[in-house]
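Every number here is computed from the coordinates shown, using simple stated rules; none is lab data. This is a predicted model, so every value here is computed, not measured. Because the Cβ atoms are built from the backbone with ideal geometry, glycine has one as well, and the counts that use them run over all protein chains shown.
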Amino acid sequence: MLSCAVLDAYLVLQTACRAAAQWRERGLGSLRVGINLFPAQAHDANLLGEVETALKESGLPGNVLVLEITETIAFRHDAIGHDAATMATLQALHAKGVGLAFDDFGTGYASLSYLTKYPLTRVKFDRSFVRNIAKRCPQKATAVVRSMIVLAHNLGLDVIAEGVDTQDQAACLQARRCDEVQGHLYAVPLCERDFQMFVRDRMLKPRQAVH
């Protein structure tokens with residue numbers, strides 16, 4: 001029997017997939033949708049089936065869906081013995097083209113070995129690493145960011161920087177070949193109607209690296 005928390009999490013999954021599919025049908029482009037997995041959901045035996053159902057019912061291609069897990073969740077799986085079953089599920093999702101991201105990377109308990117252990121497609125590093133990037137990109141403030149980007153790229157992973165609030169931060173990250181950025185520099189959290197207007201407006205302007 002599924003708990004109420006897990007049922008609510010799957011409702012979020014279904015709603016997000018349905019909305020993303022509708023946006024594509026309305027000409028908003030091939031938008032990628034990222035969904036945070038709840039701790040209980042991440043090791044639930046029904047995860048694979050629920051994702052398959054959400055994709056099938058919505059018509060959303062699997063390769064535009066990204067499931068995001070935190071390092072804390074990954075660490076907890078190892079600690080309580082869910083690792084093998086969880087890994088099999090994640091590998092099956094990866095085989096179907098579904099992306100997997102480590103969210104808030106660098107702030108949890110996981111070791112660097114998790115980057116090779118999990119079938120990841122991208123890494124999102126926390127805003128705390130971006131916060132101190134200043135106009136001139138001082139070496140101390142960017143050393144960790146630069147190292148994380150290089151490490152991820154060497155492993156074939158895309159890198160997303162969270163919490164980008166200034167043009168200086170964006171320019172510094174771009175110079176260090178960060179693949180994507182997100183933050184208030186581009187938009188605050190939006191309701192669905194405002195989000196669609198935002199995307200349409202961006203499509204009419206010169207392309208920028210926005211996530």
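The phi-based Karplus calculation (6.51 cos²θ - 1.76 cosθ + 1.60; θ = phi - 60°) puts the 3J(HN,Hα) values of segment 160-167 at 10, 9, 9, x, 7, 10, 10, 5 Hz, whole numbers, x for Gly and Pro.
Remark: spin-label model distance ASN132-VAL150 equals 1.9 nm, labels positioned 7 Å along the Cα→Cβ axis. A crude spin-label estimate for the pair GLN22 and ALA187, with each label 7 Å from Cα along the Cβ direction, gives 1.6 nm. All other residues whose Cβ lies under 15 angstrom from that of HIS153 are scored, Lys and Arg at +1 and Asp and Glu at -1, for a net of +2.
Rounded to the nearest 20 debye, the dipole size of segment 6-61 about its Cα centre is 300 debye, using +1 on the Cβ of Lys and Arg and -1 on the Cβ of Asp and Glu. Let's test the formula: R0 of 35 Å, r as the Cβ-Cβ distance of ARG202 and ALA84. What FRET efficiency results, to the nearest 0.05? Rounded to the nearest 0.05, the efficiency is 0.25.
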